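The values are calculated or read from the model by the stated rules, or taken from the named source; none is laboratory data. These numbers come from a predicted model, not from an experiment. Here Cβ is always computed from backbone atoms with ideal geometry, including for glycine, and neighbour counts include all displayed protein chains.
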Amino acid sequence: MLSIKNLHASIEGTPILRGINLEVKAGEVHAIMGPNGSGKSTLASVLAGREEYEVTEGEVIFQGKELLELSPEDRAREGVFLAFQYPIEIPGVSTTNFLRTALNQVREYRGLEPLDAVKFLSLMKEKMALVEIDQKLLSRSLNEGFSGGEKKRNEIFQMAMLEPVLSILDETDSGLDIDALRIVSNGVNKLKSEKTATIVVTHYQRLLDYIVPDFVHVLYKGRIVKSGTKELALELEEKGYDWIKEEVDSTATV
Amino acid sequence: MSTLTQQEFVLGLFEAAPATYSSLRQLGKESFYAQGLPALKAEEYKFTPISKKLETSLIHFSPAKPVKISAEQVKSAVFAGFEGVVLVFSNGQYLPEHSTSVDGISVRLLSENESTPLGSIAKADKDSFVALNQATFSDGLHISLEKNKEVDSPILLLQFHQAQGGQVISPRIWIEAGDFSKATFIDYHISLDDAPYFVNKVVEIKGGINTELTYHSLQQEHNQVIEVSNLVTDIQKDSQFTSTQITLSGDMVRNNLTLNLLGSNSVGNMYGIYLLNGKTHVDNHTNVDHTIPHAESNELYKGILADQSRGVFNGKIFVRQIAQKTNAFQQNNNILLSEDAIINTKPQLEIWADDVKCSHGCTVGQLDEEAQFYLQARGIDKTTAKGLLLYAFAGEVLDKIEVDSLRNHIVAQIQERLGSKF
């Protein structure tokens, strides 16, 4: 589904990603872990199309298409969803109004009829239950005055509404208490299918107890330096990142 | 003093002035000569070189005569879904044949009875354009609201403008609201073609006690129009007055809004949106005078400026020494969409009382790119995302407009301007 080859990206001339290679197949969950500043969030942003990052080398093929050639909105319409690490507050735009606009543009791109108000509302009701989000919250301005947990739940709710093929969760777990973490993870798990894939970017192993990964990759200095299964995450939790840093840094100096 | 005052510009207008209100006109003329048109560096018109604009743009320095308006023109100008009273004007002249009426409101031409105390609220010596209007207005309308009359449906002042090559249109309106009355007015300017002209409008509103008056003004004329508008109101005790000023186009537009809070427990609200493109220049000068204790004023103006447009906002809050317990809030926020757009914004607070709550703030910024990316990342195209954000920015003011048909009309205009549907 997703094939990242030798991806290099920089921001304002500073290289952040220095040759990422990653293959994600339908039905898989990949966790990307790594110390602060290793490039995890940059990878998520580059895949979603954030303009500040300049891709200097490499390619990303998503379902046979050159992902990096597409505008951010077309990536979303093709089925890429980024759950933001810091969801944006937009005063004056209600979640409902925003999502109806988004969903209908996505549907138009996919050659589907726009949903009328009634169908949209019933779809919303169905998906709201999934992340235990209150309708009152959704009639308010987008994320404005929401708690951290509410913002993250709203991200997963939007994901449920847009039914992406590839979901990228950028540190969706950070700042969540255990209840919110459970709700968010349940939402993600219910949305998983044979046809979809998930990339979970996280700093902590905790989330992976709830969203169980098939593969765990460690990102350090802009490269994937170690890949394994969920046991690798447990090892990282126990031993921290220093042993990996040492391993990589000593190899680099040799 | 500009050289223009000595020239045919004013002479042509003075000569054409009707014989009605002769002593009032004489006072206006004297006041105008005493002030002259604003000089280039005049503080009040510092960023808006209106005299120069008039000098270089006007061709015929004479009043524009009323033109014939058809029933179809009226029908197509009224907002979809509008229900209420319609008062139709052509170049400032009231047209009873196209207008409707409702119980409790009476209207008459200013010329019908010269007892209307014009100039008692909008003072000629305060602004040379008020003086010019007072000296040269051709006719206008006196609107009275009966005591205790609450008019639920809005009153639309439909002002059609059309001139041949830069004539002057001088609308003059006097509104008198009896005690405990309530009404909403919509002042809507429409150009009938795209020939240039100069509108010099004066509206005076005399509110009784415990009144609730709203005055929406929508400026949506073509881009060769020069306009100076003066709205002055006296607000008595236990009363509320709300103004919304929406400006979408024009060449150079200057709006002077003056609220005199004269009675305790009175509230003055001033809201505005200017959505500008091309070379449109819009200047909103507001002035609220807190003359008594326990009154409140709220002000919120939002500007979106594209291309080479220019905006000016000057918000004066004057709190007299006696006006203790005043609450006065003011805010002006602007988004610049291009590098060539300019905004000059200036809060001007003069506070002589020592027990008051006053706040002011102005911001100038660009569209939030993070927010735009967030919307795009959900599949919304860039133009629509931009439109949604700008609409949301203006929404705080749009929400103050309680007349649905008017708000929908403005929203449609904004959507069309921003090229987005949402």
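Here are some notes:
- Some residue of the range A:219-234 being polar (S, T, N, Q), touching a residue at least 60 places away in the same chain (Cβ under 8 Å) and over 10 Å from A:GLY34 (Cα atoms): no
- Filter pass, A:LEU181 being away from chain B (no Cβ under 14 Å) and touching a residue at least 24 places away in the same chain (Cβ under 8 Å): yes
- Residue that is surrounded by the most Cβ atoms within 10 Å (Cβ to Cβ), among those in the range A:146-184 that are at pLDDT below 90 and among the small types (Gly, Ala, Ser): A:ALA180
- Screening the range B:16-37 for residues that are in a loop (DSSP other than H, G, I, E, B) and modelled with pLDDT of 90 or more and picking the one that is surrounded by the fewest Cβ atoms within 10 Å (Cβ to Cβ) gives B:ALA19.
- Filtered residues of the range B:313-339 (kept if in a strand (DSSP E or B), more than 15 Å from B:GLY365 (Cα to Cα) and among the β-branched types (Val, Ile, Thr)): B:ILE317, B:VAL319
- Considering the range A:23-49, and only residues there that are among the hydrophobic types (A, V, I, L, M, F, W, C), under 15 Å from the mean Cα position of the chain (by Cα) and closer than 22 Å to A:ASP74 by Cα, the residue that is surrounded by the fewest Cβ atoms within 10 Å (Cβ to Cβ) turns out to be A:VAL24.
- The single residue among A:VAL60, A:VAL93, A:VAL80, A:VAL55 that is β-branched (Val, Ile, Thr) and out of contact with any helix residue (DSSP H, G or I) (no Cβ under 6 Å at 6 or more places or on another chain) turns out to be A:VAL80.
- Residues of the range A:205-217 satisfying the condition of being under 19 Å from A:LEU82 (Cβ atoms), of a type outside the set (A, V, I, L, M) and outside any strand (DSSP E or B): A:PRO213
- Note on the range A:50-162: enclosed strands (runs of 3 or more DSSP E) holding 1 or more residues that are away from chain B (no Cβ under 14 Å) and more than 17 Å from the chain's Cα centre (by Cα) are A:53-62.
- Residue selection: B:LEU132 satisfies the criterion of being assigned by TED's automatic domain parsing to the domain that holds B:GLU212, within 21 Å of B:VAL232 (Cβ to Cβ) and either β-branched (Val, Ile, Thr) or under 18 Å from the mean Cα position of the chain (by Cα) (or both).
So that you can scan it fast, the table gives a plain yes or no per residue for (1) part of a helix (DSSP H, G or I); (2) within 16 Å of the chain's Cα centre (by Cα):
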site: A:ALA180; (1), (2): yes, no
site: A:SER185; (1), (2): yes, yes
site: A:ILE199; (1), (2): no, yes
site: A:LEU219; (1), (2): no, yes
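- Put simply, of B:ALA80, B:ALA17 the only residue that is in contact (Cβ under 8 Å) with a residue 12 or more places away in the chain and either over 30 Å from B:GLU402 (Cβ atoms) or among the β-branched types (Val, Ile, Thr) (or both) is B:ALA17.
- Selection status of B:ASP194, within 22 Å of B:LYS279 (Cβ to Cβ), surrounded by fewer than 20 Cβ atoms within 10 Å (Cβ to Cβ) and among the acidic types (Asp, Glu): yes
- Considering A:GLU73, A:GLU52, the condition of being acidic (Asp, Glu), modelled with pLDDT under 95 and over 19 Å from A:PHE157 (Cβ atoms) is satisfied by A:GLU52 alone.
- Scanning the range B:381-404 for residues that are within 7 Å of chain A (Cβ to nearest Cβ) and in contact with a Phe, Trp or Tyr (Cβ under 8 Å, 6 or more places away or on another chain) gives B:THR384, B:LEU388.
- Hits in the range B:372-410 - residues which are within 19 Å of the chain's Cα centre (by Cα), free of Cβ contacts under 8 Å to residues at least 40 places away in the same chain and either in a helix (DSSP H, G or I) or in the same structural domain as B:GLY84 (by TED's automatic domain parsing) (or both): B:ARG407
- Some residue of the range B:148-169 being touching a Gly at 6+ places or on another chain (Cβ under 9 Å), crowded, with 24+ Cβ neighbours inside 10 Å and over 21 Å from B:TYR94 (Cα atoms): no
- From the list B:GLU227, B:GLU204, B:GLU212, the one residue that fits, being touching a strand residue (DSSP E or B) at 6+ places or on another chain (Cβ under 7 Å), surrounded by fewer than 22 Cβ atoms within 10 Å (Cβ to Cβ), of a type outside the set (Phe, Trp, Tyr) and at pLDDT 95 or above, is B:GLU212.
- Qualifying residue in the range B:331-342 (condition: more than 14 Å from chain A (Cβ to nearest Cβ) and in contact (Cβ under 8 Å) with a residue 60 or more places away in the chain): yes
- Taking the range B:350-371 as the range and being in contact (Cβ under 8 Å) with a residue 12 or more places away in the chain and either within 12 Å of chain A (Cβ to nearest Cβ) or surrounded by 15 or more Cβ atoms within 10 Å (Cβ to Cβ) (or both) as the test, the residues that pass are B:ILE351, B:ALA353, B:VAL356, B:CYS358, B:HIS360, B:CYS362, B:VAL364, B:LEU367, B:ASP368, B:ALA371.
- Boolean, B:LEU13 is in the same structural domain as B:TYR188 (by TED's automatic domain parsing), in contact with a Pro (Cβ under 9 Å, 6 or more places away or on another chain) and not in a loop (DSSP other than H, G, I, E, B): yes
- Top-ranked residue in the range A:22-49 [being charged (D, E, K, R) and not in a loop (DSSP other than H, G, I, E, B); ranked as modelled with the highest pLDDT]: A:GLU23
- For the condition small (Gly, Ala, Ser) and not in a helix (DSSP H, G or I), A:SER193 qualifies.
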